[in-house]
Amino acid sequence: MDIIVRPVVTEKMNAQADGLKKYGFIVDKKANKVQIKRAVENLYGVTVESVNTMFYAGKRKARFTRTGYVAGRRNAFKKAVITLREGDTIDFYSNI
């Protein structure tokens, strides 16, 4: 469970899940594709066909507010988009 941080639940990822059987996850920065594939298969009981990973660098963000200048950073993260075998699905909303 240390490899998968959380699923990506957005409109775009939901559309890809419905049509292309692709699901997104925020994963540990040091995890490789084999570890991600094994973690998803063990956690959800599905068969993963492919894993695509991308690394998003942290960005500096600043804005002017009533109290003055506020500066900060967004965290860097790694995202994995997995493609499932035909017939397999993952339901993120079953516990709601």
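With an 8 Å cut-off on Cα pairs and a minimum separation of 6 or more residues, tell me the relative contact order of the chain in percent.
For the chain, the relative contact order is 31 percent.
What number, rounded to the nearest 500 deg cm²/dmol, is the helix-based mean residue ellipticity at 222 nm of the chain, given -39500 (n - 2.57) per DSSP H run of at least four residues and division by all its residues?
-7000 deg cm²/dmol
Just tell me which aspartates and glutamates come within less than 16 Å, Cα to Cα, of LYS21; anything on the same chain fewer than 8 places away is out.
Result set, ordered by chain and number: GLU11, GLU41, GLU49, GLU86, ASP88, ASP91.
Are any of the pairs LYS22/LYS61; LYS30/LYS61; LYS22/LYS78; LYS29/LYS59 more than 27 Å apart by Cα-Cα distance, and if so, which?
Violating the 27 Å Cα-Cα cut-off are LYS22/LYS61.
Could you size up the charge dipole of the chain around its Cα centre, putting +1 on the beta carbon of Lys and Arg and -1 on that of Asp and Glu, and report it in debye to the nearest 20?
So the magnitude is around 940 debye.
Check which residues have an amide H placed less than 5 Å from GLU49's amide H, if you skip close sequence neighbours.
The answer is THR83, LEU84, ARG85.
Using just the Cα positions, wrap segment 16-79 in a convex hull and report its mean projected area in square nanometres, one decimal place.
Mean shadow area of the hull around the Cα atoms is 6.5 nm².
Can you tell me which of ARG74, ARG85, ARG38 moves the most in a GNM of the chain? Springs connect C-alpha atoms under 10 Å apart.
Its mean-square fluctuation being the largest, the pick is ARG74.
Is the shape of segment 52-96 rounded, prolate or oblate, going by the alpha carbon gyration tensor and its root eigenvalues a ≥ b ≥ c, with a/c under 1.5 for rounded and a/b larger than b/c for prolate?
It is oblate, given that a/c is not under 1.5 and a/b is not larger than b/c.
If you line up the long axis of helix 11-20 against the longest principal axis of the chain, both from Cα atoms, how many degrees apart are they, to the nearest 10?
With both axes taken from Cα atoms, the answer is about 20 degrees.
Hand me the GluC sites (Glu not before Pro) from segment 13-96 located in a DSSP loop with no more than 12 other Cβ atoms within 10 Å, in residue order please.
GLU86
For the chain, which chymotrypsin sites (Phe, Trp or Tyr not before Pro) are both in a DSSP coil and crowded by at most 10 other Cβ atoms within 10 Å?
Hits after loop and neighbour filter: TYR93.
Values in this text are rule-based calculations from the coordinates and carry no lab data. What you are looking at is a predicted structure, and each value in this text was computed from that prediction instead of being measured. Here Cβ is always computed from backbone atoms with ideal geometry, including for glycine, and neighbour counts include all displayed protein chains.
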